[in-house]
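Beneath this line is the structure, given in structure tokens, with notes to follow.
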Amino acid sequence: MRINPQVYVKNSTEAAKAYCAAFGAETAAEYRDETGHYAHCELTVGGELVMAPIEGPEGGRKEKHHPGRT
């Protein structure tokens, strides 16, 4: 099993470009939503998946509901 990071950001398309420029990453897969932002994007370095930047609300993380947790 592999665990890979997934980041929720505002302006996901620009963020992916910045990660590619900064870390030499390449876009391995991309799926855009109706606004042109990434619904899913996989970035690789040396053929290994390293990150999936996705458009998030207000550039923040998507909250998951966990019953019983505060």
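Computed from the coordinates by the stated procedures, all read-outs in this text should not be read as laboratory data. Not measured: the values here are computed from a predicted model. In this analysis, Cβ positions are derived from the backbone assuming ideal geometry, glycine residues included, and neighbour counts consider all displayed protein chains.
Peptides 42-50, 11-19, ordered by how many other C-beta atoms sit within 10 Å of their residues on average, highest first, read 11-19, 42-50. In terms of its C-alpha gyration tensor, segment 1-45 comes out oblate, because a/c is 1.5 or above while a/b does not outweigh b/c. Stretching Ile3 away from Glu26 to a fully extended chain increases their span by 6.4 nm, per 0.36 nm per residue minus the current alpha-carbon distance.
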